[in-house]
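Read-outs throughout are calculated quantities, based only on the coordinates presented, and are distinct from any laboratory measurement. Quick caveat: nothing in here was measured; it's all calculated off a predicted structure. Neighbour counts run over all protein chains shown; Cβ positions are idealised from the backbone, glycine included.
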Amino acid sequence: MSDHAVVKRFVGYLREHNLPVTAQRLAIAEVLLTSHRHLSAEEVVTEVIAGGKRVGTATVYRTIDTLLESGLVVERDFGEGFRRFEPARDIPHHEHLICTQCNRVEEFREERLERMTTIVAESRGFARVRHRLVIHGVCLDCQTGVSR
């Protein structure tokens, strides 16, 4: 789905739920839904302002909640003391690697891990519904002293 189409889906969601379609909400949605990074609410504020729009932090948090409810954005907690958000993008479940030096987040998908989580859950009498794995370590660039 194109970036423009996903923003249009958000507009449709707002209208279906009788919520105002405002320039601020659209700017916030554009930032979050087109990002290839895992943004914090504060980073969203910074990017919206850098794009020439005025927006308050409370508006960003309320809009993020609406985006979460719509299913267009998912929440991530990487143990930093605040939440991060990424577009749902209709991609399969994935895991994250986080560099403890530069804070880079890398997504990955591993079929063997998916199978293993089901095996572990079932061996203990659980019907797996979902899981989350975050691996903290040092990325290759930081190990070799290369800066991006």
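Place a +1 charge on the Cβ of each Lys and Arg in the chain and a -1 charge on the Cβ of each Asp and Glu, then give the dipole magnitude about the Cα centre in debye, rounded to the nearest 20.
I would put it at about 220 debye.
What is the pair-distance distribution P(r) of segment 95-144, computed from all Cα-Cα distances in 10 Å bins starting at 0, with each bin given as a whole percent?
Distribution as computed: 24, 38, 25, 12, 1 percent.
Quick one: length gained pulling Thr118 to Val138 fully straight, 0.36 nm per residue minus the C-alpha distance?
4.4 nm
Among the DSSP beta bridges whose two residues both lie in segment 95-144, what percent are antiparallel, rounded to the nearest 5?
50
List the residues whose amide H sits under 5 Å from the amide H of Val74, counting only those 5 or more places along or on another chain, with H placed 1.01 Å from N in the peptide plane.
Glu86, Ala88
Report the extension gain between Glu69 and Asn18 in nm, rounded to one decimal, defined as 0.36 nm multiplied by the number of residues separating them, less their alpha carbon distance. All intermediate terms of the calculation are to be shown ahead of the outcome.
Details: separation 51, 0.36 × 51 = 18.36 nm, distance 1.40 nm.
Extra length available between Glu69 and Asn18 comes to 17.0 nm.
Rounded, prolate or oblate for the chain? Axes are the square roots of the Cα gyration tensor eigenvalues, ordered a ≥ b ≥ c, and the cut-off for rounded is a/c under 1.5.
Taking the square roots of the gyration eigenvalues as a ≥ b ≥ c, the chain is oblate.
Under 5 Å between amide hydrogens, which residues at least 5 positions from Leu39 or on another chain qualify, with H placed 1.01 Å from N in the peptide plane?
Here the answer is Phe85, since their amide H atoms fall under 5 Å of that of Leu39.
Nothing charged except the Cβ atoms of Lys and Arg (+1) and of Asp and Glu (-1): what's the magnitude of the dipole of segment 95-144 about its Cα centre? Round to the nearest 20 debye. Please list the in-between numbers first.
Working: 8 positive and 8 negative charges, 54 e Å.
Result for segment 95-144 is approximately 260 debye, rounded to the nearest 20.
Can you give me the distance in nm between label points at Phe78 and Leu26, each placed 7 Å from the Cα along the Cα-to-Cβ direction?
Using points 7 Å along Cα→Cβ, the separation is 3.1 nm.
Looking only at the chain, where both bridge partners belong to it, what percent of the DSSP beta bridges are antiparallel (to the nearest 5)?
Antiparallel: roughly 70 percent of the beta bridges in the chain.
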